[in-house]
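The values are calculated or read from the model by the stated rules, or taken from the named source; none is laboratory data. The model shown is predicted, which means the values in this text are computed figures rather than measured ones. Positions of Cβ are generated from backbone atoms using ideal geometry, with glycine treated the same way; all protein chains shown enter the neighbour counts. With ligands, DNA and RNA removed, areas are computed over all heavy atoms of the protein, side chains included. Shrake-Rupley method; radii C 1.70, N 1.55, O 1.52, S 1.80 Å.
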Amino acid sequence: NKCMSFIEEHSLHKLGLELFQEDADFYRSIMVSLGERMLKERKSEEALTIFLLADPKCLDGGKRAARDCGDWKAYFACCAEDNETLSTDQVTNLAETISSKFGNMKDKSDAFASAARILQDYCQDVGYAVDMLISGHLWSEGRRVAHLHNRPDLVKKCVDASVTYAQTCIDDLVDRALTFETTIARYAEVIELRRNAIKEAEEAGAEIHDDSASMFSMASTISNTSLSSSASGRSMGSVGSVGTVASVSTVISVGATSTFSFTGDVDNMKHKSKFNKIGRDKKKKQKKSRNSRRRKPGGEEE
């Protein structure tokens, strides 16, 4: 007992198996202990292999490991070797547990197929087995099983289920097509907005290097220059004259940070920033609303 406790405490199972090869009973005890450790580490497949390699087999551990890893064939084999008879409710619960497996569509279909096989072989419940196959989108296999047991009602059930699913797919395709048409129309509008923005920028004499990133920095430069000249000019009313350029900048910008600043003696006209007293003295934490995360119309992201 002390030796086994020491092996388990320091995870010396490999060394223990090498040292006690001649002692069959203790060798098996180490194997079972190693299998239990694998189960705790959620390595159920390795644990199942170890439990079944023990001599004699550790069927109780094998059943637990088989259930954990979803190997229903090994589970029923262990039950048969252990002379354990499962009730219909137990088998049904096991089938439902297997069918509730998460994963991609292929994994789910395999799980439903396994559940249907269990219900068919160990419960003789053909109706529930066909239902499992329908849930896994295995209509052809469901029809085969229904014909095998001479159940025309189940054959019709499989056909109706497949037709319903096909109609659902068609409706979904129509919805996606409509969404695509709306999106492509909006894409054409956005492209036109970007072309017009570039054209106006060229007329304003801004330097353009490419059709994407440079356009945004160019629009920001135009707006900065216009606003600075307007603020230092005759009156603030002239700021409205740059409305068209500023609006274009708003439409095509992707949230780029503007660096312009008002010049003058009036503090409330100064740009608030962490680099001057206005912004440094008053720091306000503003929560970003969901609207701020939305894409701006005509922007590069859209």
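Calculate, in nm to one decimal, what Phe180 and Asp23 gain on full extension: separation in residues at 0.36 nm each, minus their alpha carbon distance.
Extra length from Phe180 to Asp23 when fully extended: 49.3 nm.
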The ³J(HN,Hα) series, computed from each phi in the stretch 42-51 with the Karplus coefficients 6.51, -1.76 and 1.60 at θ = phi - 60°, rounded to the nearest Hz and given as x for glycine or proline, is 6, 9, 5, 5, 5, 4, 4, 4, 5, 4
Computed ³J(HN,Hα) along the stretch 174-189: with the Karplus parameters 6.51/-1.76/1.60, θ = phi - 60°, integer Hz and x for glycine or proline, the list is 4, 4, 5, 5, 5, 4, 5, 5, 5, 5, 5, 5, 5, 4, 4, 5
For Glu200, Glu9, the accessible-area ranking with a 1.4 Å probe, largest leading, is Glu9, Glu200
Any chymotrypsin sites (Phe, Trp or Tyr not before Pro) in the stretch 77-161 that lie in a DSSP loop and have at most 14 other Cβ atoms within 10 Å would be Phe102
With label points set 7 Å from each Cα along the Cα-to-Cβ direction at Leu86 and Glu192, the distance between them in nm comes to 6.5
Candidate cut points under trypsin sites (Lys or Arg not before Pro) in the stretch 28-92, DSSP loop plus at most 12 other Cβ atoms within 10 Å of their own Cβ, are Arg42
Surpassing 24 Å at the alpha-carbon level, of the pairs Lys73/Lys156; Lys43/Lys63; Lys14/Lys40; Lys43/Lys101; Lys14/Lys57, are Lys73/Lys156
Full extension between Val32 and Thr168 adds, at 0.36 nm per residue less the Cα distance, a length in nm of 43.8 nm
Along the stretch 83-91, Karplus-curve 3J(HN,Hα) (6.51, -1.76, 1.60; θ = phi - 60°) to the nearest Hz, with x for Gly and Pro, reads 6, 9, 9, 8, 6, 4, 5, 5, 5
